[in-house]
Amino acid sequence: MRACLTFVATTALAACAATPMPEPMPGPGPGGGAEIRSTEQDCAVIAAVARQHYGYGGENAPLPLWNPVEENGATWRLTCDWSRYGLSFPRTYQPTPPRPGEGFKPWVKFERPRYTSRGATVATSYLMGPLAGAGQECELVSGVAGWTVRECRMMWIS
């Protein structure tokens, strides 16, 4: 029994140590602060929310992706190989207010995931029109099959 517990504890510590934290990239991002790039784990979490919560993939094409996201004076940039997850975002951009005569551009946005001992939490939102959108916070758990969305709570709606 002791050998089993030692193996489990050692494996858990190794798994935590093997998950690198994203390092700020040298030089300023678009907002003037440091730029942080997504990790492979971030990409897997975002892909799980995109597929399981929004139903993206296959014939259900995602909205254009809002990227990068400003976070506490830094820029967090998703640098994922979406095809690895069966996704293809039609466009990636950072929306700006429409200029006169220019139509509204819809988007979906994912904040940087936060990790805990229980899994991950990610805030996500979308806008389909000037006053048509919603924001949720999704909790995910990690298992043998990868990340699974456990629940998403509505944070705002317009």
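First check a/c for segment 32-82, with a ≥ b ≥ c the square roots of the eigenvalues of its C-alpha gyration tensor; if it is under 1.5, answer rounded, and if not, answer prolate when a/b is larger than b/c or oblate otherwise.
Because a/c hits 1.5 or more and a/b exceeds b/c, segment 32-82 counts as prolate.
Can you list which of the trypsin sites (Lys or Arg not before Pro) found in segment 117-154 are DSSP loop residues with at most 13 other C-beta atoms within 10 Å?
ARG118
Using a 1.4 angstrom probe and counting only protein chains, how large is the accessible area of CYS152 in Å², to 10?
40
With a cap of 11 neighbouring Cβ atoms within 10 Å, and only residues DSSP puts in a loop, list the GluC sites (Glu not before Pro) found in segment 24-131.
Listed in order of number, the matching sites are GLU59, GLU102.
Students often get this wrong: which residues of segment 43-84 have the backbone nitrogen under 19 Å from the point 7 angstrom along Cα-to-C-beta of GLU102?
Residues passing the 19 Å test: 64-70.
Can you tell me the length gained on complete extension of the stretch GLU59 to SER88, counting 0.36 nm per residue apart and subtracting the Cα distance?
The GLU59-SER88 span can extend by a further 9.4 nm.
The values are calculated or read from the model by the stated rules, or taken from the named source; none is laboratory data. A quick note: this is a predicted structure, and the numbers were derived from the prediction, not measured. Positions of Cβ are backbone-derived with ideal geometry, glycine not excepted, and every protein chain shown enters the neighbour counts. All accessible areas refer to the heavy atoms of the entire protein, side chains included, with ligands and DNA or RNA removed. Shrake-Rupley method; radii C 1.70, N 1.55, O 1.52, S 1.80 Å.
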